[in-house]
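**Q** I'd like to ask some things about the structure below.
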Amino acid sequence: MNAIRHPDGLRNLEGHADFDITWPWHRPGGLRAGSTAVLRVKDEARALPFVLPPLLRACDEVLVVDNGSTDGSPEVAAETAERAGLGHRLRQATYPFAVARAGAEHLATHELSVHSLSYFYNWCFAQVATRYSWKWDGDMVLTTEGEVSLGDLAWQVGDVQSIIRVPRHGLYLDSDSHGYLDLGLRNAEEWGYPVGPDFVFTKAFEWEIRSTPEQCRSIGLPHGLCVELKFLDSDEFAHWTDPESFATSFRNKRKRREWAVFQSLRQGVVPDGVHEITAPEGVHIVDHVTQTWLPRAPRPLQVG
């Protein structure tokens with residue numbers, strides 16, 4: 001069966017009708033007010049207990065789409081939400097197809113294949129029922145300030161054409177009490193988008209990219225609102241075809257920095273701009289950084 005684009009959505013190249021895409025704004029009743037954070041996860045069980053509670057408090061709904069986890073990520077997500085008393089805000093789905101890794105593998109995959117990054121993202125966001133969405137990763141943790149900021153934005157963004165750029169800072173963990181916070185790179189990617197026909201995913205060189213109309217307003221949030229967890233005992237770059245290609249692509253400034261910091265820390269070298277942090281006894285390093293260290297750091301936060 002050939003892939004077909006039709007007014008109501010997309011049909012995939014392989015003919016998996018259960019995973020054809022119907023745009024949510026064409027569904028009966030349309031979209032409701034509010035915001036939904038969409039997490040595409042694979043083996044994020046270690047991170048989700050830190051990621052989900054502040055996100056569930058800040059958003060109307062959190063959608064976790066599992067893509068082949070073997071570490072019990074869906075169960076951890078459900079347990080975490082229930083423990084936080086916010087199980088009613090969590091919704092889960094499963095995407096059973098292997099998705100191309102970013103880089104050369106993605107480039108070689110047809111964008112209407114179920115294995116394409118852009119098709120995968122479009123399918124995930126087609127499950128959203130609110131007028132606004134957050135493209136969130138399964139290792140991104142809001143600080144206390146970040147939680148308040150997203151919560152305050154939730155009622156403002158649903159009916160306006162605005163994109164929100166959220167800075168995030170790498171937090172590299174080597175134990176439950178010790179880690180390294182990278183404030184050496186200014187990075188504010190677009191994470192918040194309206195849900196509608198002007199904001200769908202298309203295929204770019206290394207990854208998927210969301211289309212946006214020229215007249216859309218872009219709002220940048222301040223630094224210090226979000227960290228991205230990197231476990232130094234894990235392969236944090238498995239979703240890339242060839243991490244060494246970061247060094248040859250001008251589009252990968254952030255990934256080049258992450259790769260360099262990760263490798264340096266593994267070798268015992270702390271790069272410039274990286275802060276070594278030890279949590280107080282009995283406090284997890286992620287909680288310490290997001291709830292104490294970053295919120296108490298002098299403002300404006302010195303980054304880059």
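**Q** Pick out the one residue from GLY268, GLY304 that is touching a Gly at 6+ places or on another chain (Cβ under 8 Å) and at positive phi. Please lay out each step first, then the result.
**A** Details: GLY268 fails: touching a Gly at 6+ places or on another chain (Cβ under 8 Å).
Going through GLY268, GLY304 in turn, the sole match is GLY304.
**Q** Further question on the same structure: So which residues in the range 220-235 are outside any strand (DSSP E or B) and touching a Pro at 6+ places or on another chain (Cβ under 9 Å)?
**A** Within the range 220-235, the first condition is being outside any strand (DSSP E or B), and the residues that meet it are 221-225, 232-235.
Result: LEU221, PRO222, HIS223, GLY224, LEU225.
**Q** Provide a single number: the residues in the range 187-219 that are outside any loop (DSSP other than H, G, I, E, B) and either of a type in the set (A, V, I, L, M, F, W, C) or closer than 21 Å to ASN252 by Cβ (or both).
**A** Restricting attention to the range 187-219, the residues satisfying the condition of being outside any loop (DSSP other than H, G, I, E, B) are 188-194, 201-203, 208-210, 217-219.
Checking the rest, the ones that are also either of a type in the set (A, V, I, L, M, F, W, C) or closer than 21 Å to ASN252 by Cβ (or both) come to 188-191, 201-203, 208-210, 219.
Counting residues in the range 187-219 that are outside any loop (DSSP other than H, G, I, E, B) and either of a type in the set (A, V, I, L, M, F, W, C) or closer than 21 Å to ASN252 by Cβ (or both) gives 11.
**Q** Still on this model: Which members of the range 74-116 meet the condition of being closer than 23 Å to LYS255 by Cβ, touching a strand residue (DSSP E or B) at 6+ places or on another chain (Cβ under 6 Å) and not charged (D, E, K, R)?
**A** In the first step, residues of the range 74-116 are kept if they are closer than 23 Å to LYS255 by Cβ; the result is 98-109, 111, 115-116.
Within this subset, residues satisfying the condition of being touching a strand residue (DSSP E or B) at 6+ places or on another chain (Cβ under 6 Å) are 101-103, 111.
Of everything in the range 74-116, those that are closer than 23 Å to LYS255 by Cβ, touching a strand residue (DSSP E or B) at 6+ places or on another chain (Cβ under 6 Å) and not charged (D, E, K, R) turn out to be ALA102, GLY103.
**Q** Suppose we filter VAL227, VAL303, VAL200 for residues that are within 29 Å of VAL114 (Cα to Cα), among the aliphatic types (A, V, I, L, M) and surrounded by 14 or more Cβ atoms within 10 Å (Cβ to Cβ); which single one remains? Break it down into steps so the answer makes sense when it comes.
**A** Working: VAL227 fails: within 29 Å of VAL114 (Cα to Cα); VAL303 fails: within 29 Å of VAL114 (Cα to Cα).
The match here is VAL200.
**Q** Let me ask something else. Would you mind stating whether ALA37 is in contact with a Cys (Cβ under 6 Å, 6 or more places away or on another chain), at pLDDT 95 or above and under 21 Å from VAL157 (Cα atoms)? Show your work before the answer.
**A** Working: in contact with a Cys (Cβ under 6 Å, 6 or more places away or on another chain): yes; at pLDDT 95 or above: yes; under 21 Å from VAL157 (Cα atoms): yes.
Yes.
**Q** Let me spell it out: the conditions are (1) within 30 Å of PRO213 (Cβ to Cβ); (2) buried (at least 20 other Cβ atoms within 10 Å of the Cβ), and ASP182 meets all of them except one. Which number is the exception?
**A** Evaluating ASP182 over (1) within 30 Å of PRO213 (Cβ to Cβ); (2) buried (at least 20 other Cβ atoms within 10 Å of the Cβ) leaves (1) as the failure.
**Q** Next question, about the same structure. Please go through the range 53-78 and pick out each residue that is surrounded by fewer than 24 Cβ atoms within 10 Å (Cβ to Cβ) and polar (S, T, N, Q).
**A** ASN67, SER69, THR70
**Q** Just name the residue that is surrounded by the fewest Cβ atoms within 10 Å (Cβ to Cβ) out of those in the range 203-224 that are touching a residue at least 40 places away in the same chain (Cβ under 8 Å) and of a type in the set (Ser, Thr, Tyr).
**A** SER218
**Q** Right, something else. Quick check on PHE50: is it at pLDDT 95 or above, aromatic (Phe, Trp, Tyr) and in a loop (DSSP other than H, G, I, E, B)?
**A** Spelling it out, it is not the case that PHE50 is at pLDDT 95 or above, aromatic (Phe, Trp, Tyr) and in a loop (DSSP other than H, G, I, E, B).
**Q** Still on this structure, I have one more. Condition (residue is in contact with an Asp or Glu (Cβ under 7 Å, 6 or more places away or on another chain) and more than 19 Å from LEU55 (Cβ to Cβ)) applied to the range 121-135: is it met by at least one residue? I'd like the intermediate steps shown before the answer.
**A** First, pick out the residues of the range 121-135 that are in contact with an Asp or Glu (Cβ under 7 Å, 6 or more places away or on another chain): 121, 130-131.
This time we only want the ones that are more than 19 Å from LEU55 (Cβ to Cβ), so: none.
Within the range 121-135, none of the residues are in contact with an Asp or Glu (Cβ under 7 Å, 6 or more places away or on another chain) and more than 19 Å from LEU55 (Cβ to Cβ).
**Q** Which of the residues that make up the range 213-257 are under 20 Å from ASN187 (Cβ atoms), polar (S, T, N, Q) and at pLDDT 85 or above?
**A** SER218
**Q** Taking the range 151-184 as the search range and keeping residues that are β-branched (Val, Ile, Thr) and out of contact with any Cys (no Cβ under 9 Å at 6 or more places or on another chain), which one is modelled with the highest pLDDT? Explain how you work it out, then say what you get.
**A** Here is the first cut: in the range 151-184, the ones β-branched (Val, Ile, Thr) are 157, 160, 163-164, 166.
After this cut, where a residue has to be out of contact with any Cys (no Cβ under 9 Å at 6 or more places or on another chain) as well, the list is 157, 160, 164.
Working: VAL157: 70, VAL160: 68, ILE164: 93.
So, considering only residues that are β-branched (Val, Ile, Thr) and out of contact with any Cys (no Cβ under 9 Å at 6 or more places or on another chain), the one modelled with the highest pLDDT is ILE164.
**Q** Failed condition for GLN127, given (1) surrounded by fewer than 18 Cβ atoms within 10 Å (Cβ to Cβ); (2) within 19 Å of ALA188 (Cα to Cα); (3) touching a strand residue (DSSP E or B) at 6+ places or on another chain (Cβ under 7 Å), with all others met?
**A** (2)
**Q** Take the conditions free of Cβ contacts under 8 Å to residues at least 60 places away in the same chain and out of contact with any Asp or Glu (no Cβ under 8 Å at 6 or more places or on another chain) and apply them to THR109. Does it pass?
**A** Yes; evaluated as a whole, the condition is true for this residue.
**Q** Here's something else I'd like to know. Looking at ALA77, is it out of contact with any Asp or Glu (no Cβ under 6 Å at 6 or more places or on another chain) and either more than 30 Å from TRP259 (Cβ to Cβ) or part of a strand (DSSP E or B) (or both)? Walk me through how you get there before you give the answer.
**A** Details: out of contact with any Asp or Glu (no Cβ under 6 Å at 6 or more places or on another chain): yes; either more than 30 Å from TRP259 (Cβ to Cβ) or part of a strand (DSSP E or B) (or both): no.
Spelling it out, it is not the case that ALA77 is out of contact with any Asp or Glu (no Cβ under 6 Å at 6 or more places or on another chain) and either more than 30 Å from TRP259 (Cβ to Cβ) or part of a strand (DSSP E or B) (or both).
The values are calculated or read from the model by the stated rules, or taken from the named source; none is laboratory data. Please read all numbers here as calculations on a predicted model, not as lab measurements. Every residue, glycine as well, gets a Cβ built from its backbone with ideal geometry; the counts of neighbours run over all protein chains shown.
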